[in-house]
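A short worksheet on the structure shown next.
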There are 2 protein chains.
Amino acid sequence: MSDDRVHMTLDEVRDFARAILTRVGLAPDHVGAVAETMVAGERDGCGSHGIYRLLVAAHSVATGVVDAHATPVLTRPAPAILRVDGGGGFAQLAFETGRQALVDTARTQGLAALALNNVVHFAALWPEVEALVAEGLVVIAVTPSHAWVAPAGGTKPLFGTNPIAFGWPRPGGRPFVFDFATSAVARGEIELHRRAGRPVPPDWGYDAEGQETTEAAQVLAGAMRTFGGHKGSALSAMVELMAGPMIGDLTSRESMARDGGRGGSPIGGELILAIDPAGFLGDAAADEIARAEALFDGIEAQGARLPGARRHAARAVSLTEGVWVSKQLIADIENVVKENA
Amino acid sequence: MSDDRVHMTLDEVRDFARAILTRVGLAPDHVGAVAETMVAGERDGCGSHGIYRLLVAAHSVATGVVDAHATPVLTRPAPAILRVDGGGGFAQLAFETGRQALVDTARTQGLAALALNNVVHFAALWPEVEALVAEGLVVIAVTPSHAWVAPAGGTKPLFGTNPIAFGWPRPGGRPFVFDFATSAVARGEIELHRRAGRPVPPDWGYDAEGQETTEAAQVLAGAMRTFGGHKGSALSAMVELMAGPMIGDLTSRESMARDGGRGGSPIGGELILAIDPAGFLGDAAADEIARAEALFDGIEAQGARLPGARRHAARAVSLTEGVWVSKQLIADIENVVKENA
């Protein structure tokens, strides 16, 4: 590997992330939960969700967007429904606070929903989905973000990038997990084009006047498009509704208004549905879950790739060989922490 | 209106559909449930889901794909989970058999799932979604179909057209309901192109050799594409899994194998999730649901259309003025019934 990168074991990544988050002023229980998300990002080759996010987290703490000392509170307003009030803290500890109750409730009721309320989001949904799928559950997770995306037929920002994540347990191995933005591309992808001075395809978004543009900066200042035309737009609206008003939390437009120009991470809610196949099938569940393997075989037999395959391949390497991290990124992180100290 | 069409009130549509279904040999309780789907199709201006489907239903009865006398059986394998074994009959009566239990369970548990098993599908999902949304519930419904669609990255049929339907209750009016295929277009759309001898866009599908084609007949004999690239493909897989193995029922490939070349409607399962916002929010639910109106206003203020708007507009007319139906279609239906008598 080239000299501008440094080798780290995953334990070293964890220690580094924890040390930085602690110096930033995050409470110890938040530090542990947030650091694991970044370890998962580095482990799975998702650099944009690895320690790069320390910059984002530090900014949210420094600007007061997140409450660094929030204590999540779990309640059960209905037999199959759980809520965690995150108290304005990062989503990770709120999830950990509700996680076991969600697993237990899905097993006793057949399915259950967990709403995370009043949390700050900067991470992907797949680490949470994977944690639940490891318990043998089928999982859907959705969350709004900030108003950056135009509905199909419009050109002004209204929706968030509104990811949908889904997970399915597979016997003896890598679960089937996807997690994608309902926007045409991830916002970070446009940001990378802007930094590199590269044009973006004309179907990624609109400028602030609602005109097509290939300039990344104009799209960032204007509106992104949804993926898949009116269908992706409908799904994006579904995410807004289910993880917004349905759970008593903010839409992406409200999240952006709450941010008030501080440039912090999205604030609001997240909805996680967890379903126990044994609730439908009892003892036959394991055989039926195994039967789904024929579908995955049918996909791969065509040379098509399963979602998450790239992450799993990266994981197989990084678990034994560690990862390589940009020295410049580490220097940037150290500098931001010094500035905010 | 032109002379090749005949005017009917919706009551006349209902009477006609019931008479035909009875003559085809469908048991009386099935007749009532199936006819209502077709009335809804005509009422909402969806001709392809109106009495046109009498041809499809008659074919499924005549070929023995559907059991015309099946008696659905409701069970509750877990507190929040309901199953209806449709006994090989049409899905509509299976849905009606589980409908009230689903509503009641969602209200007491906060959310509930209804699996329809061993049913024959030829109708859209939105009539079922609307019926539940009218009870104040938020609803998701999915079902596989026959293996007609290639996964992204492949060119061979594996997935069904696998619709996803969603519904959200709106105060005092028209619910927000969408129902779309995860294929690039509906299969019926390609069929219409074939009949008219018109080419299809090259991104609708592949021929039997896996090559791009603009010939509708070649796509019908080959494979359709999913909408939205790998994201739509991932969602299609999700539908296969959740309304297939998760509920102990067929995937689209298994449905097609079960059909055995009879050309009948898809056989298998359907999954319906119903969520009561009051389960999260208690007495605050009505205010939060009303708060979602700002999202719909934000969509329409851009000149973008809400899903279902066209259906609601057609309904407003047809409820008072009735509908116009093709004389040729009625003659075709009468002929099919005579042939099968």
In nanometres, what is the gap between the two model label sites at A:Thr9 and B:Arg310, each 7 Å from Cα along Cα-to-Cβ? 6.1
Which lysines have a Cα less than 30 Å from the Cα of A:Lys156, not counting those fewer than 8 places away in the same chain? A:Lys231, B:Lys231
Kindly identify segment A:1-138 as rounded, prolate or oblate by the Cα gyration tensor criterion: order the square roots of the eigenvalues as a ≥ b ≥ c, call it rounded if a/c is under 1.5, otherwise compare a/b with b/c, prolate if a/b is larger, else oblate. oblate
Farthest toward positive dipole pole in the protein assembly as shown [+1 Lys/Arg, -1 Asp/Glu at C-beta], among A:Asn118, B:Val13, A:Gly282: B:Val13
Any idea which of B:Ser252, A:Gly47, B:Thr214 is furthest toward the positive side of the dipole for the protein assembly as shown, if Lys and Arg beta-carbons carry +1 and Asp and Glu beta-carbons -1? B:Thr214
Which order, highest average first, do B:4-15, B:71-82, B:287-298 follow once you tally other Cβ atoms within 10 Å for each residue and take the mean per peptide? B:71-82, B:287-298, B:4-15
Out of the DSSP beta bridges found with both residues in segment A:73-231, what percent are antiparallel (nearest 5)? 70
Selection from B:Leu158, A:Val200, B:Thr108 lying farthest towards where the dipole of the protein assembly as shown points positive, charges on Cβ: A:Val200
Please give the solvent-accessible surface of B:Ser326 in Å², to the nearest 10, using a probe radius of 1.4 Å with every protein chain present. 30
If you count only protein heavy atoms with a 1.4 Å probe, what accessible area per residue comes out for chain B, rounded to a whole Å²? 38
Shape category assigned to the protein assembly as shown from the gyration tensor of Cα positions, a/c cut at 1.5: prolate
Summed over the other residues with a beta carbon less than 15 angstrom from that of B:Val66, with K and R at +1 and D and E at -1, the charge totals -2
Along the three principal axes, how long is segment A:201-341 when you take its alpha carbons, biggest first, rounded to the nearest angstrom? 54, 42, 35
Alpha-carbon gyration tensor eigenvalues x 5, square-rooted, for segment A:1-54, Å: 20, 12, 9
For chain B, the percent of accessible surface on carbon and sulfur atoms (probe 1.4 angstrom, ligands and nucleic acids excluded) is 51
Please list, in order along segment B:52-58, the HN-Hα scalar couplings obtained from phi with the Karplus expression 6.51 cos²θ - 1.76 cosθ + 1.60 (θ = phi - 60°), rounded to whole Hz, x for Gly and Pro. 3, 6, 4, 4, 5, 5, 4
About the Cα centre, charge dipole magnitude for segment B:19-137 (Lys/Arg +1, Asp/Glu -1 at Cβ), debye: 140
What is the mean number of Cβ atoms from other protein chains located within 10 Å of the Cβ atom of each residue in peptide A:288-295, rounded to a whole number? 5
Using DSSP to define loop residues, name the GluC sites (Glu not before Pro) in segment B:56-143 whose beta-carbon has at most 14 other beta-carbon atoms within 10 Å. none
Sorting from shortest, the nanometre distances separating the label point of B:Arg174 (7 Å past Cα along the line to Cβ) from those of the same residue in the other copies are 4.6
Tell me whether chain B comes out rounded, prolate or oblate; compute the Cα gyration tensor, take square roots of the eigenvalues as a ≥ b ≥ c, and use a/c under 1.5 as the rounded threshold. rounded
To one decimal in nm, how far is B:Ala196 from the same spot in the other copies, if labels go 7 Å from Cα toward Cβ? Please give the shortest first. 4.1
Output the Cα-based Rg and Dmax of segment A:108-201 in Å, rounding Rg to one decimal and Dmax to a whole number. 16.3, 54
With label points built 7 Å along Cα→Cβ from the Cα atoms of A:Arg258 and B:Leu192, find their separation and express it in nm. 4.3
A from B by rotation - nearest chain B beta carbon to the axis, in Å: B:Gly228, 1
Output wanted: per-residue J couplings in Hz (rounded whole) for segment A:310-319, from phi through Karplus 6.51 cos²θ - 1.76 cosθ + 1.60, θ = phi - 60°, x for Gly and Pro. 5, 5, 5, 5, 5, 5, 4, 7, 5, 5
Compute the distance from the alpha-carbon center of segment B:7-29 to that of segment A:129-190, in whole Å. 44
Sorting from shortest, the nanometre distances separating the label point of A:Ser48 (7 Å past Cα along the line to Cβ) from those of the same residue in the other copies are 3.4
So how far apart, in nm, are the two label points at B:Glu334 and A:Ala286 if each is 7 Å from Cα heading toward Cβ? 6.1
Average other protein chain Cβ within 10 Å of Cβ, residues B:153-165: 3
Per residue of B:305-312, count partner chain C-beta atoms within 10 Å of its C-beta, then hand back the mean as an integer. 2
Segment A:239-246 - phi-based ³J(HN,Hα) in whole Hz, Karplus 6.51/-1.76/1.60, Gly and Pro as x: 5, 3, 6, 6, 9, x, x, 4
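The values are calculated or read from the model by the stated rules, or taken from the named source; none is laboratory data. Quantities reported herein were computed from a predicted structural model and do not represent experimental measurements. Please note: Cβ atoms are built from the backbone with ideal geometry, for glycine as well, and neighbour counts cover all protein chains shown. When the accessible area is computed, the model is the full protein with side chains, heavy atoms only, and any ligands, DNA or RNA have been set aside. Shrake-Rupley method; radii C 1.70, N 1.55, O 1.52, S 1.80 Å.
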